[in-house]
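In what follows, a structure is listed as structure tokens, so that the remarks can point back to it.
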Amino acid sequence: MATPLPRSSGVLLAVTSLPSRFGVGDLGPAARAWVDALAAAGQTWWQILPVGPFGAGDSPYASYSTFAGEDLLISPEDLVADGLLRASDLEGTTFRDGVADYGAARPVREGLLKRAYERFIFPQLQEEFESFWHAESSWLDDWALYAAVKSATRGAAWTEWSEGLRKRDKGSLERFRNSSGKLIEEAAFRQFLWHRQWAALRKYAAARGVRILGDLPIFVAMDSCDVWASPEVFLLDADRRPSVVAGVPPDYFAKDGQRWGNPLYDWEELRKTGYAWWIRRAKHAARLFDLTRIDHFRGFQDAWHVPAGAKTAKEGKWVPGPGAAFFDALRQSMGGLPFLAEDLGIVTQSVRDLREKVGLPGMRVLQFAFDGDPKNPFLPENYDTNTAVYTGTHDNDTTTGWWEALTESERHRVRTHLGWDGRDVAWKFIRLAWSSRAELAIAPLQDVLILGSVARMNVPGLAKGNWGWRYAGAHPLRERMEGLRGVTGECSRISRR
């Protein structure tokens, strides 16, 4: 069975959505302040979005690596505390409040990280760095090389590199290592900083009874170290290009479906190795997070294969995945399954059967509950306890925005079903989620703050303009978190350290 969850609750907030002096939230002082706010509100969980290196459109779901951390999340303030930067290095740059400004933040933070690397002369840190590189070499060697080549080619996708580097010819790789050792070392050094800060934040959170709920996308980006370093794991042709890519068919998120473009797994090849690559990935996630949401759980039962040349996802078809055998291998290797299954979208009985067989909690979203069907699985009265209920997710509009977009007849149906006057919809849904029998209840911070559509995090199928919301000092955080503590206590979900 999967690891049982205590009756608990938490808040969904991307690390990038934290306040920051440097344009994008990070792992530093604001993250620790946020942990303090969660602890004061009696919350057990801080759910985040993926924290790997952001790819196309600054999307955390299009990462350049499933093992590495995003450089933007390294805290400049904490580098000052380490003696790698001076306080004066942090002066002189201002950013817009309330927006994760990736484009403006990246060059500033890049400059600071380069300066930190140049000042890396402390023997104790050098010893820590070398120990880290040795311990993490199974993924860090490939990542440092990939990141260095990407830097040397001005960000070119690996599919555009010279043939020798693209196909990992030993001679070509060795020549690059000999000519670009500093670039490789700097890439590894940044990962050392990232993982060092992450470990410190995890320790800080654990001491206050706050656990981290991470996010593991089922698929990886085509332009990623994962595909470049392990092409045998994916369905690629002789030139290492995919003939089919991942997506989902038309659903309530997108009328044309979603053509994600990720390469698909060669599950037969993975089976021959005992799913070794995936087990390494899952174990790495278990080291970073207390619980991990596996995005698109359906893909383990069957995945939507879209022809690589198709413009939309309508032309795809379902192809069987590895099923329970994969989770049996994970459980045997890991001693348990510390995962939450994202089982949203078009879910068949076979997908439900798989989740129940392996024992993972599933997800329910209140915004999907009120279509008038008394058997709707998203209605709280239809939950079983092995469930995580959300007012909404990063893919939904905020609950206030969702409510404002409903027709009057749709609003009437919700009000009638709940016997409710229609006021304060975000907090009505928080109370509804928290009072349900689901073991875990989560609300995005945008709902706690009662924010409208302007605070939406992501619109599925929209390639640009997502992932930009940050909360700012003007938001009444303390007052709302005090209210959340009250609801959490009433519903017997208060964190127990």
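Within region 306-333, residues that are farther than 18 Å from SER350 by Cβ reach partners that are part of a helix (DSSP H, G or I) and modelled with pLDDT of 95 or more with beta carbons closer than 7 Å, at six or more positions or on different chains, in the pairs ALA329/ILE279; LEU330/ILE279; LEU330/ALA282; SER333/ILE279. Evaluation of ALA310 against the conditions (1) out of contact with any Lys or Arg (no Cβ under 8 Å at 6 or more places or on another chain); (2) surrounded by fewer than 17 Cβ atoms within 10 Å (Cβ to Cβ); (3) among the small types (Gly, Ala, Ser); (4) not in a helix (DSSP H, G or I) shows that the sole unmet condition is (1). So is ALA369 among the small types (Gly, Ala, Ser), at pLDDT 95 or above and farther than 24 Å from HIS296 by Cβ or not? Here the answer is no, as ALA369 does not meet what is asked.
Of the numbered conditions (1) touching a Ser or Thr at 6+ places or on another chain (Cβ under 8 Å); (2) at positive phi, ALA308 fails exactly one; give the number of that condition. Just one mismatch for ALA308, condition (2). When LEU451 is tested against the conditions (1) among the hydrophobic types (A, V, I, L, M, F, W, C); (2) in a helix (DSSP H, G or I); (3) closer than 22 Å to ARG478 by Cβ, the lone failure is (2). Could you grab me the full set of residues in region 132-163 that are surrounded by 15 or more Cβ atoms within 10 Å (Cβ to Cβ), of a type in the set (D, E, K, R) and outside any helix (DSSP H, G or I)? Residue satisfying the conditions is GLU136 alone. Report, by residue number, each residue of region 183-212 that is farther than 25 Å from GLU110 by Cα and surrounded by 23 or more Cβ atoms within 10 Å (Cβ to Cβ). Within region 183-212, VAL210 is the sole residue that qualifies. Of everything listed in (1) surrounded by fewer than 20 Cβ atoms within 10 Å (Cβ to Cβ); (2) over 25 Å from VAL248 (Cα atoms), the single unmet condition for SER453 is (2).
The criterion of being under 22 Å from VAL220 (Cα atoms) and polar (S, T, N, Q) does not hold for SER8. Taking the numbered list (1) among the β-branched types (Val, Ile, Thr); (2) touching a Phe, Trp or Tyr at 6+ places or on another chain (Cβ under 9 Å); (3) crowded, with 19+ Cβ neighbours inside 10 Å in turn, THR93 passes all entries but (3).
Restricting attention to region 388-444 and to residues that are under 25 Å from the mean Cα position of the chain (by Cα), polar (S, T, N, Q) and assigned to a helix (DSSP H, G or I), the residue that is farthest from GLN43 (Cα to Cα) turns out to be THR400.
When MET334 is tested against (1) closer than 26 Å to LEU484 by Cα; (2) under 23 Å from the mean Cα position of the chain (by Cα), exactly one condition is not met: (1).
The values are calculated or read from the model by the stated rules, or taken from the named source; none is laboratory data. Everything quoted here is computed from the prediction, not taken from an experiment. Methodologically, a virtual Cβ is constructed for each residue, glycine included, from the backbone with ideal geometry; neighbour enumeration extends over all protein chains shown.
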